[in-house]
Amino acid sequence: NWFAKGCRAYGGLIGKRPIIGALPFIPMLATITLTLRNMPFWDGEGLLDLSPLEMQWCDSSGKLFKDLQKYFEYKDKDWDEAETAFILIVADDNENVATATTLEHLLNAVKLYNSITVEQDGFTFDAMDLCARGIFPDNPNESQQVDSPCSIIGPTTCFAEHAETLPAKWKELDANPPANWSYMQYSTRPKFRGATDAEILNEISKGCFGYNAMNGRYPRHFYVGKMEEDVNKNPVYADWEPEFGNPGMQAPLYTKVNAIRLIATVEPPGGVAYRLSQANPEKADIQTVRKAVKKHAKKVSNLLNLNYVKRYTEGNDCKSSELNTPEVGQLDPDCELPQVIMGGMPIYFGDAAVEDFSNPNYLIMILTGIASFLYAGSVTASASRPFESRIVVAFTGLQLISASLILALTIMLSGGMLLSGILVGSVPMVQMGLGADDMYVLIAAFSSMGEEYIRNSDNTELMAEIFAKAGPGVVLTSVCNALSFLCGVFIPLPGLSQICLALLLCVICNLVFLSSTFMAVLGNEANRIRANKPEMLPILSSMQKKAIVAGTASKQEGEIGAKEKWFAFFENTWVPMLSKPALKFGGPLMAVILLALALVSIFEIMALGWFPPDFFPDTSAMKAGINLIFNYFQMFPVQMFIDNVDVAANQKDLIELWAALASTKFTALFPAPNWLTMFYMFLGMFGGMGFEYNSTHSLAEACPLYDSAHGGWNHSYWAPYGIASSDPETFWNCFHWMTDLPDAKDAVENGMSWHPAYMWKDLGTQQWVYDESLEYRPATWHFFYFITANTKTDDDILEMIVDMDDVLDQWPDLKPYIFNCSPFPNYWRAFVGLDMRLWLLIGIAAASVCIVAAVLLGSVKAGIIGMLVAMMIVIDVWGITSAMKPYL
């Protein structure tokens, strides 16, 4: 038909004008030049996309993507995340781990954490420099400085032994407190050493206090996972317990705990620099602190995972234990926990995941390339038959496929796109398979012409015959692949869409290079055969010369090689066997059965969602810890962000919306109240203490609380004494009085540790909104905390997202300005409705394949058959991977 005739004419043109094969290198050089000229690595940046994974893998067409853009625009890491916080987990599927031995392990981990130091820019930063212990500036007079304890959330804080981890001066004060000591003593708490498991379970069932009574008890489920409870036994619990909704409730007694975690946090860089500014001003440079915090994160993670991760057997023999280093070995209580795994991880794993995810395993990529060349050599090389050997042609083709990859990626880079780590790690592998497939088809077509025909025809005739024979298949498969990847470009997940775009460009570049440059290479190969020359490969060349001189270079008449034997097998054995009645009807029946099983696997076994450990390579120090925390714990913070809402005028509605979001089946209240409630508490407390607002007004006069009787609102827990002024100017002026940090020097010299800004920051109800003058930024972006709870499956998480959306529907005026941010709603929201869009795109791709095949092959029947076979392959592979996922 016209398609085959067109391929024949094009092949003849390449044979007559082989210079056409050089044309693809022109755009390649142009895009490389643009890339080198415009790329950010000249400014010290790389080519990889280090944007947050949420942005790379959420629906770019939805509200979430726009909300995340705002989130990262407002986000201030200097005052926000404790990047070097870690979680240490002890877990056992069968046995109770709330034991004295486990607590000893956790206590030793805290001691290890306290011993870690890092060097940065000539300065040494220790745990007391970096950990979260309040941001009141350290006193330059060491005799007057008392370091408060580092923030630790975990079961060890329930017991007196935790005092062993306290700073020296604090430990003395804890043991012998002065009369005005307002902090909770560890020395008066029960001891776990010598206690029974039942006594330990009874204590941690109540929740554990830190050193500051104002923070109350930490919620039990923050550090306990996969537990059994006796609902008939309730330890007195007079503080905050989000899983039961209100203060003053009683919680069931734990009878068995299968997982325990210990959480340690460090101060964000802004807080560290502020705290160090008086006692160690030379270390308080924010750039230096940022680097130290990041370096500390990696060191903590690596030590806890590589040196403190242990796997035990029933015989209590340590396996793969690396606990003999000077830093860790002395802290190791012998192997006493059968079948227990310990692992560490940063709380905020997003940045670490991006770094690990954006660093492809280049060794595997190199080995893949080597394997491709070795395979090409093994199937195309021949020392005794040089005129049948195609190893140089194959090697050149693989280099052209690599050139296609370079051209495709530089087109993306020159357009201003950065490459994600998964793209760099996966696309070259797929590209090698796509390109090599077509390359081998063209080589096979060339070889099938036979040596005699090659010698007796010119390149115009030869290339016309080769492309008439192989061209339709190469072009058709390339066009179908391109259409499929083009559909994938419209998947609304930027990370996946970018991969499809890269593969689309690879397919196009492959077709261009193979149909032009590689055809010219085949023409040159024909010239070599006609000139009776060996291939230009040093080792092989000398052996081929001997065969040419000996006159044995050509295949002898009647000689049957391996290739002919394979062809004979398929022609004489395989195809006749498939034509037998049993297989003629049994084969399609088996295909239908496999298709049905695949569909069952997709709809019954496959779960929409993601598994966070999959974001980390097996070599990552954090993978084990991430795996443990998501397997055993379901309590994670969610931030209800509020954007451009008149908070002063909507205080009641915002609090009620927050309480409703925190009261669904899979959510709960955060241990600390929302920041508005804290604001009211601070106004009442400091106003009642007679603090001045300015020279003419007291705080109580300038910033009164309004209850229901005075045009305000009351709630027994969230606003017991009323709410603040509804006038925005008054509201925010009072808010700034509370929250703007004092000058560090004045704070130390005047003993201003009482200042509400320090308590406000340390309670963590509202963070990362300071500017360089230490004032809160213009109040347009805020958040309330609540937590996820009991989300044990992907379906639970999707149901949680739907429930939260239903709650937001009840506040239509606020809904457009509210965004619930957390790894769960952020990542899983992409899967809500995604399956239907994927099926739609697959259907469009299949229809496109059908139409293209029908047009190019001149047969509607061929198009339909090709579409059905392609769809069956896709569904079968999808079903197999769904069925295998639980075992991978």
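Classify segment 652-703 as rounded, prolate or oblate from the Cα gyration tensor: take a ≥ b ≥ c as the square roots of its eigenvalues, call it rounded if a/c is under 1.5, otherwise prolate when a/b beats b/c and oblate if not.
prolate
In bins 10 Å wide, starting from 0, what share of all Cα pairs of segment 388-447 does each bin hold, as a percent?
That works out to 20, 44, 24, 11, 1, in percent per bin.
Highest first, please rank the peptides 646-653, 501-508 by the mean number of other Cβ atoms sitting within 10 Å of their residues.
501-508, 646-653
Grab the other residues whose beta carbon is less than 12 angstrom from that of Asp458, score K and R as +1, D and E as -1, and report the net. The partial results should precede the final answer.
Details: positive: Lys16, Arg455, Arg530; negative: Glu461, Glu465.
Once positives and negatives cancel, what remains is +1.
For segment 415-553, rounded, prolate or oblate, judged on the Cα gyration tensor with a ≥ b ≥ c (square roots of eigenvalues), a/c < 1.5 rounded, else prolate if a/b > b/c?
prolate
Among the listed pairs Lys5/Lys565; Lys283/Lys745; Lys171/Lys745; Lys171/Lys761; Lys652/Lys815; Lys299/Lys792, which have their C-alpha atoms separated by more than 20 angstrom in this model?
Lys5/Lys565; Lys171/Lys745; Lys171/Lys761; Lys299/Lys792
Kindly rank 684-695, 661-672, 118-129 from highest to lowest mean number of other beta carbons found within 10 Å of each residue.
661-672, 118-129, 684-695
Please work out the FRET efficiency for the pair Ala672 and Ile286, using the Cβ-Cβ distance as r and a Förster radius of 30 Å; give the result to the nearest 0.05.
The calculated FRET efficiency here is 0.65.
Run a plain Debye calculation on segment 794-854 (Cα atoms as equal point scatterers, no solvent) and give log10 I(q)/I(0) at q = 0.17, 0.23 Å⁻¹, rounded to two decimals, same order as the q list.
For the requested q values the scattering log ratios are -0.69, -0.94.
Round to a whole number: what % of the accessible area of segment 672-740 belongs to carbon and sulfur, probe 1.4 Å?
Heavy-atom surface of segment 672-740 belonging to carbon and sulfur, 1.4 Å probe: 54 percent.
What distance in nm separates the simple spin-label points at Asn572 and Ser378, each placed 7 Å from Cα in the Cβ direction?
According to this spin-label approximation, the distance is 2.7 nm.
Per residue of segment 56-62, what does 6.51 cos²θ - 1.76 cosθ + 1.60 with θ = phi - 60° give for ³J(HN,Hα)? Whole Hz please, x for Gly and Pro, Karplus curve as stated.
6, 10, 10, 5, 6, 9, x
Sequence-distant or interchain residues sharing an amide H contact under 5 Å with Thr667, placed H: which?
Placed amide hydrogens put Ala789 under 5 Å from Thr667.
Quick one: net charge around Phe784, please, counting Lys, Arg +1 and Asp, Glu -1 for every other residue with C-beta under 14 Å from its C-beta.
-2
Please list, ordered by chain and number, the residues whose modelled amide H lies under 5 Å from the amide H of Glu229; skip anything fewer than 5 residues away on the same chain.
For Glu229, whose amide H was placed from the backbone, the distant partners under 5 Å are Thr255.
Write down the Kirkwood hydrodynamic radius of segment 89-160, to one decimal in angstroms, obtained as one divided by the mean of 1/r over all alpha carbon pairs. Each step should come with its number before you reach the end.
On the way: mean 1/r = 0.0675 Å⁻¹.
It works out to 14.8 Å.
For segment 653-749, how big is the tail of P(r) above 20 Å, as a whole percent of Cα pairs?
Beyond 20 Å sits 44 percent of the P(r) for segment 653-749.
Using only the alpha carbons of segment 48-176, determine the length spanned along each of the three principal axes and report them from longest to shortest in whole angstroms.
Computed over the Cα atoms, the extents are 60, 51, 26 Å.
Near Glu749, within a Cβ-to-Cβ distance under 14 Å, what is the net charge of the other residues, with Lys and Arg +1 and Asp and Glu -1?
-2
Ordered by packing density, taken as the mean number of other Cβ atoms within 10 Å over each peptide's residues, highest first, how do 178-185, 875-882 rank?
Going by the mean number of other Cβ atoms within 10 Å, highest first, we get 875-882, 178-185.
The values are calculated or read from the model by the stated rules, or taken from the named source; none is laboratory data. Bear in mind that the values here come from a model prediction, so they are computed numbers and not experimental data. Heads up, the Cβs are rebuilt from the backbone with ideal geometry, glycines too, and the neighbour counts pull from every protein chain shown. Heads up: the accessible areas ignore ligands, DNA and RNA and are worked out on the full protein's heavy atoms, side chains in. Shrake-Rupley method; radii C 1.70, N 1.55, O 1.52, S 1.80 Å.
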